[in-house]
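Asker: Take this structure, written in structure tokens, and hold onto it; I'll ask about it next.
The values are calculated or read from the model by the stated rules, or taken from the named source; none is laboratory data. Note that the coordinates shown come from a computational prediction; the quantities given were computed from them, not determined experimentally. For neighbour counting, all protein chains shown are included, and Cβ atoms are generated from backbone atoms with ideal geometry for every residue, glycine included. The protein model used for the area step is the full one, side chains on, heavy atoms only, and it has no ligands, DNA or RNA in it. Shrake-Rupley method; radii C 1.70, N 1.55, O 1.52, S 1.80 Å.
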Amino acid sequence: MADKQERLAKWRAQLEKALERFPERKKSFTTSSGIELKTVYTDLDLPPAVDDFPLPGEFPYTRGVQRNMYRGRLWTMRQYAGFATAEESNERYKYLLSQGQTGLSVAFDLPTQIGLDSDHPLADGEVGKVGVAIDSLADMEVLFKDIPLDKVSTSMTINAPAMVLLAMYLVVAEKQGVDWASLKGTIQNDILKEYVARGTYIFPPEPSLKIITDIFAFCAENVPNWNTISISGYHIREAGATAVQEIAYTLANAICYVESAIKAGLNVDDFAPRLSFFFNAHSNFFEEIAKFRAARKLWAEIMRHRFGAQNPKSMLLRFHTQTGGSTLTAQQPDNNIVRVALQALSAVLGGTQSLHTNSRDEALALPSEESVRIALRTQQIIAHETGVADVVDPLGGSYYVESLTAEIEKRVKEELAKIDAMGGAVTAINSGYIQRQIQDSAYQFQMAVETKEQIIVGVNQFTVEEETQPDLLRVDPSVQAAQIRRLQELKSRRDSAKVRQALDAVAAAAREGANLFPPVLDAVRSYATLGEICGVLREVYGEYQAKDLI
Amino acid sequence: MVPIRVLVAKPGLDGHDRGAKVVARALRDAGMEVIYTGLRQSPEQIVRAAIQEDVDMVGLSCLSGAHNSLFPKVVQLLKEAGAEDIQVFGGGVIPESDIPGLLEAGVRAVFTPGTPLEEIVNFVRESVKKGDA
């Protein structure tokens, strides 16, 4: 050891001398989270945890949640898609499945995500735009037509009205004759990050947490293989957070969900195995890999030590990754294919369970079919041609990656301690602390781009004069009118007395604090609309009013 | 000199407010008075706020694809309210081919991803100066 330190000191002295004549490209080299990097890492930098001979599939799971990882089964290749009407989205899903995609990921339009029917005045111009419009069970039946629900796993990006959409999915399964126990998939159901980063909230935090806990309890008993929440750092990162902040705020939210479920009387090992996570893969390659490794270790320790989980499955941080949307450029969009490939590689080296690769044209519009295919092919090339999936945690033991993993872990713990001291995630959100931290990072990043301290290829350097991009996907403006017509037809043919009764039962359960899931299922079966169900809940719970600071 | 007043607004249901907030902060750092509306504003609410706050310009941000209905509506409602002196500009994920139509509808400028903040700040300064002259 002393010998190594001596050699290193000598080496450094020689380097310093050389630097006097040949200064480096930058004064200091830092990661996106501001971690300052050394010139080189050696075994003197290895954190003590590496001495414990960590192995994949063993606590604290830094090296992976399974013993053999991708040697058994590759990650799930899951492209987020959905637009316009249920028919068109259904076509896209069938196309993606035929191209070798292994899981569905449903994008809903904004009115659906905010619990408004397509004929609501605020929905004007938004129907079918960023995802599919779902007003009732009738639309959901079309969305999954001829897709056997026991054969696919389905991820639904839905939060505030997650219970209603999951109820619709369960009823579609029922009608297909598929047992709920054989259903696999995920609802995002992560309301806290909506308040800080994504914006599709409806109700205030307290009733929202109650709905989430109701879902945990209902699914633990009735839909045992369903991932009841996907606690998301993705949008926090997109809003401007650093890698460290992404993990810190995601885990702070996760801690809050676990606490509320325990407070509601659930046993931690009954629901925790169904918690899943969703992270972002940005461009600082090694920092991202280290981030995923650190997140796994942090969560395993939180679950075991803070919440006393006994079941190892409760300690596993299983996560979906999407490449970084905000890193895509509108300029020279084909460059985005390269960015996405490198980001996807970091997610795979970081041990992701499923992956969405962005399409090259997403800074311009919704992705075209050709762009989506290239994005999917990128994953298939990583999986089948590079060999990176053949060994578990290939960067484990790397002086640099291990040291960075430990540094990220340390910084996340410091941020979590701050939030704990404030009284937890909800208080930190209500006071605007988390939002402010994210905005500051976003602004600093933008300033670094403006001063060219951060180079974005094709944007602030290496620019060219460009032609207008052809072949962008456009949503037909007649979609809105057609969807509204369909909604009106549904309303005229359903049994309105039954609908009224079912909605009253939802309102009563909400007032009494009973589990909302059973009455919501009945309301869905009666073809009550999403807007109607969320409407009665709005009356009972009120709506969240954001505090906006700049 | 009276500072320039700008309303930065998020029309429609889109929740992507990173760009809107960064632009709002840059305008403020450039010495302007900036009011940010927050999410989910209808065109009517935005126009009401613009008039009440007596702003020189309104900046709209939309990344959901609803810009073609929402941006022109704000311009039109300002005109109907007799406040056409308040100029409107916009930004977000907006296809190049939509920009001529938006400009024709009276939107003064559209800024797409990758635009330097300085360009937006200068645009606002120049537009307000011209409007005064």
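Asker: Place a point 7 Å from Cα of A:Met422 in the direction of its Cβ. Which residues in region A:22-47 have their backbone N less than 16 Å from it?
Answerer: none
Asker: Okay, moving on. A:Val152's amide H: which non-local residues (gap 5+, or another chain) put their own amide H closer than 5 Å, with H modeled 1.01 Å from N in plane and none for Pro or chain starts?
Answerer: none
Asker: Among A:Ser371, A:Ala507, A:Phe277, whose Cα projects farthest towards the positive end of the dipole of chain A, with charges put on the beta-carbon of Lys, Arg (+1) and Asp, Glu (-1)?
Answerer: A:Phe277
Asker: With both partners inside chain A, how many of the DSSP beta bridges are antiparallel, as a percent to the nearest 5?
Answerer: Expressed as a percentage, antiparallel bridges in chain A total about 5.
Asker: I want the local charge near B:Val34. Using Cβ-Cβ distances under 15 Å, sum +1 for each Lys or Arg and -1 for each Asp or Glu among the other residues.
Answerer: Charge balance near B:Val34 sits at -1.
Asker: Going by alpha carbons, how many degrees (0 to 90, nearest 10) lie between the helix axis of A:399-422 and the longest principal axis of chain A?
Answerer: The answer is roughly 50 degrees.
Asker: Here is a further query. Round to a whole angstrom and tell me the spacing of the C-alpha centers of region A:477-529 and region B:44-72.
Answerer: Result: 33 Å between the Cα centres.
Asker: Between A:Arg500 and A:Gln488, what is 0.36 nm times their sequence separation minus the Cα-Cα distance? Round to one decimal in nm.
Answerer: Contour length minus Cα-Cα distance gives 2.7 nm.
Asker: Among A:Lys38, A:Lys151, what's the order by accessible area (1.4 angstrom probe), most exposed first?
Answerer: Solvent-accessible surface, decreasing: A:Lys151, A:Lys38.
Asker: Where does each of A:430-439, A:490-499 land if you order them by average Cβ count within 10 Å, highest first?
Answerer: Ranking the peptides A:430-439, A:490-499 by packing returns A:430-439, A:490-499.
Asker: As a check on your grasp of the helix formula, calculate [θ] at 222 nm for chain A: sum -39500 (n - 2.57) over DSSP H runs of n ≥ 4, divide by the residue count, round to the nearest 500.
Answerer: After summing the helix terms and dividing by the residues of chain A, the value is -15000 deg cm²/dmol.
Asker: In the protein assembly as shown, with Lys and Arg counted as +1 and Asp and Glu as -1 at Cβ, which of these residues, A:Phe517, A:Thr30, A:Gln5, has the Cα nearest the positive end of the dipole, that is, farthest along it?
Answerer: Looking along the dipole axis, the top candidate is A:Gln5.
Asker: Using helices alone, what [θ] at 222 nm do you get for chain B, with -39,500 (n - 2.57) per DSSP H run of 4 or more residues, divided over all residues and rounded to the nearest 500?
Answerer: Value at 222 nm, helices only, nearest 500: -13500 deg cm²/dmol.
Asker: First select every other residue whose beta carbon is under 13 angstrom from the beta carbon of A:Val540; then total the charges, Lys and Arg +1, Asp and Glu -1.
Answerer: Cβ neighbours under 13 Å give a net charge of -2.
Asker: Let me ask something else about it. For region A:138-212 and region A:21-60, write down the distance between their C-alpha centroids in whole Å.
Answerer: 40 Å
Asker: Shifting gears a bit: So, counting K/R as plus one and D/E as minus one, what does the shell of residues with Cβ under 11 Å around B:Gly65 add up to?
Answerer: Taking every other residue near B:Gly65 into account, the sum is -2.
Asker: Using only Cα atoms and rounding to the nearest 10 degrees, what angle (0 to 90) does helix A:478-493 make with the longest principal axis of chain A?
Answerer: 40 degrees
Asker: Counting heavy atoms of the protein chains only and a 1.4 Å probe, report the per residue accessible area for the protein assembly as shown as a whole number of Å².
Answerer: Using a 1.4 Å probe on heavy atoms only, each residue of the protein assembly as shown averages 42 Å².
Asker: Estimate the FRET efficiency between A:Glu370 and A:Ala2 by the formula 1/(1 + (r/R0)^6), using the beta-carbon distance for r and 51 Å for R0, to the nearest 0.05.
Answerer: My answer for the efficiency is 0.25.
Asker: Please return the longest range in chain A lying between exposed loop sites, taking GluC sites (Glu not before Pro), DSSP loop only, at most 16 other beta-carbon atoms within 10 Å, and leaving the sites out.
Answerer: A:59-384
Asker: Also, I was wondering about something else. Kindly state, to the nearest 0.05, the FRET efficiency for A:Leu549 paired with A:Leu342, given R0 = 30 Å and r defined as their beta-carbon distance.
Answerer: According to the calculation, E is roughly 0.30.
Asker: Other chains' Cβ within 10 Å of A:442-449 residues: what's the mean?
Answerer: Average per residue, whole number: 4.
Asker: Give the B-A buried accessible area in Å², both sides summed, 1.4 Å probe, nearest 100.
Answerer: Chain pair B/A: roughly 3100 Å² of buried accessible area.
Asker: Which percent of the accessible area of the protein assembly as shown is formed by carbon and sulfur heavy atoms (probe 1.4 angstrom)?
Answerer: That share works out to 51 percent.
Asker: Given labels modelled 7 Å from the Cα in the Cβ direction, how far is it in nm from A:Tyr95 to A:Glu141?
Answerer: If labels sit at A:Tyr95 and A:Glu141, their model points lie 2.6 nm apart.
Asker: Just name one of A:Gln66, A:Ala81, A:Ala347: the one whose Cα is farthest towards the positive end of the charge dipole of the protein assembly as shown (beta-carbon charges, Lys/Arg +1, Asp/Glu -1).
Answerer: Sorting the options by dipole projection puts first A:Gln66.
Asker: In debye to the nearest 20, how big a dipole does region B:9-129 give about its Cα centre with +1 on each Lys and Arg Cβ and -1 on each Asp and Glu Cβ?
Answerer: Computed about the Cα centre, the dipole is about 300 debye.
Asker: Then there is this: What nm distance separates the two modelled labels at A:Arg304 and A:Gln176, each placed 7 Å from Cα along Cα→Cβ?
Answerer: Spacing of the two 7 Å Cα→Cβ label points: 3.8 nm.
Asker: Go through A:48-54, A:303-309 and give me the packing order, highest mean Cβ count within 10 Å leading.
Answerer: The packing order, highest mean first, is A:303-309, A:48-54.
Asker: Let me ask something else. Once the piece of chain linking A:Lys10 and A:Val540 is laid out straight, how much longer is it, given 0.36 nm per residue of separation minus the C-alpha distance between them?
Answerer: Roughly 183.7 nm would be gained on extension.
Asker: A further question follows. Counting partner chain Cβ atoms within 10 Å of every residue's Cβ in A:108-115, what's the average?
Answerer: Other-chain Cβ atoms within 10 Å of each residue's Cβ, averaged: 3.
Asker: If you place +1 on the Cβ of every Lys and Arg, -1 on the Cβ of every Asp and Glu, and leave all else neutral, what size is the dipole of chain A about its Cα centre, to the nearest 20 Debye?
Answerer: Roughly 980 debye for chain A.
Asker: Once the Cα atoms of helix A:205-222 and of chain A are each reduced to a long axis, what angle between those two axes, in degrees from 0 to 90 to the nearest 10, is obtained?
Answerer: Long axis of A:205-222 versus the principal axis of chain A: about 80 degrees.
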